[in-house]
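Inspection log for the structure reproduced underneath, given as structure tokens.
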Amino acid sequence: MESRNRTHSRTVAAASSAQKTAAAPPRVAQIERRTRETSIEAALRLDGSGHGEIATGVPFLDHMLESFARHGFFDLRVNATGDLHIDDHHTVEDVGIVLGRAFREALGDRSGIRRFGHAVAPLDEALCAATVDISGRSYLAYGLEIREERIGNFQTVLVGDFMKAFADETGMNLHLVMHSGRNPHHIVEAAFKALARAMDQATAIEPRLSGALSTKGTLS
Ligand SMILES: [Mn+2]
């Protein structure tokens with residue numbers, strides 16, 4: 001009797017989890033945004049394998065977004081053309097906007113997601129932490145203190161502009177904390193890796209959860 005019950009409950013559990021898998025639509029988004037300053041297309045798959053195809057015209061940003069896709073296990077394609085003859089500012093900020101919109105769209109009403117994520121990543125002497133709450137409220141606390149004005153040709157001040165745009169458009173609280181660091185390339189790359197890992201956690205489906213992880217009952 002006891003063993004029959006166990007068999008029965010296993011069968012029910014297997015059937016309901018198979019149903020869940022079959023019913024879940026892919027969490028993807030495709031975004032296009034064109035202004036007089038930039039033209040950007042992005043495709044995002046949250047449950048990906050870490051494949052990045054990034055061509056923004058800003059090589060350092062490409063490098064950071066490749067790393068972000070890889071370490072967050074997101075499949076991410078970004079194509080951008082912008083007014084780089086002026087400087088990189090519009091392109092970097094607008095890529096942040098489009099990436100945020102892609103996350104917002106792929107997450108839908110945010111039901112079922114773990115919502116919070118936290119990760120710390122080192123790169124040699126640099127150690128940076130990212131903490132996110134994909135709550136629908138946007139806030140950026142930006143704690144990267146970079147003395148150097150540039151990484152190659154890339155203006156380090158643009159990292160903050162990118163993060164602000166990304167947090168605003170995703171609709172999330174984002175805290176970036178720098179514990180240590182000297183080399184600006186290392187600092188920014190450690191921050192992007194921490195961000196990737198935190199976003200991977202926060203966007204993951206929590207199997208114990210039905211609906212939105214909020215006492216208000218909604219995150220949309
Ligand atoms: Mn690097």
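Give me Rg over Rh for the chain, both radii from the alpha carbons and Rh done the Kirkwood way, two decimal places.
Values: Rg = 19.4 Å, Rh = 18.3 Å.
Looking at the chain, the ratio lands at 1.06.
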How far apart, in nanometres, would the label points at E32 and A55 be if each is projected 7 angstrom from Cα along the Cα-to-Cβ direction?
1.7 nm
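If each residue of separation counts as 0.36 nm, what is the full-extension length gain between D124 and E41 once their alpha-carbon separation is subtracted? Spell out each step's value before the answer.
Numbers: separation 83, 0.36 × 83 = 29.88 nm, distance 3.36 nm.
Length gained, D124 through E41: 26.5 nm.
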What spacing in nm lies between the two simple spin-label points modelled at E105 and R147, each 7 Å away from Cα in the Cβ direction?
4.3 nm
Within segment 30-64, which residues have the backbone N less than 19 Å from the label spot 7 Å out from T81 along Cα→beta-carbon, could you tell me?
31-43, 54-59, 62
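Once you have the Kirkwood Rh of segment 22-84 from its Cα pairs, apply Stokes-Einstein at 37 °C and 0.692 mPa s and quote D in µm²/s.
Values: Rh = 12.3 Å.
The estimated diffusion coefficient comes to 268 µm²/s.
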For peptides 109-120, 150-161, sequence by mean Cβ density within 10 Å, most packed first:
109-120, 150-161
For the peptides 88-101, 27-40, what is the packing order when you average, over each peptide's residues, the other Cβ atoms within 10 Å and list the highest mean first?
88-101, 27-40
Farthest toward positive dipole pole in segment 28-203 [+1 Lys/Arg, -1 Asp/Glu at C-beta], among M172, H90, A69
M172
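Restricting the count to DSSP beta bridges whose residues both fall in segment 111-212, what percent are antiparallel, rounded to a multiple of 5? Mind dumping the intermediate values first?
Numbers: 18 of 23 bridges.
Bridges in segment 111-212 are about 80 percent antiparallel.
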What list of ³J(HN,Hα) values in whole Hz, one per residue of segment 148-160 in order, does the Karplus curve 6.51 cos²θ - 1.76 cosθ + 1.60 (θ = phi - 60°) give from phi, with Gly and Pro shown as x?
5, 6, 9, 10, x, 8, 7, 7, 5, 5, 5, 4, x
Taking the Cβ-Cβ separation of Q201 and S180 as r and a Förster radius of 22 Å, what is the calculated FRET efficiency to the nearest 0.05?
0.45
Please list, in chain and number order, the residues 5+ apart from T56 or on another chain whose amide H is under 5 Å from its amide H, with Hs placed from the backbone.
D62, A80
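We did not get these values from a lab; they are worked out from the coordinates using the rules stated. The shown structure was predicted, so the numbers you read here are calculated from the model rather than taken from an experiment. Positions of Cβ are generated from backbone atoms using ideal geometry, with glycine treated the same way; all protein chains shown enter the neighbour counts.
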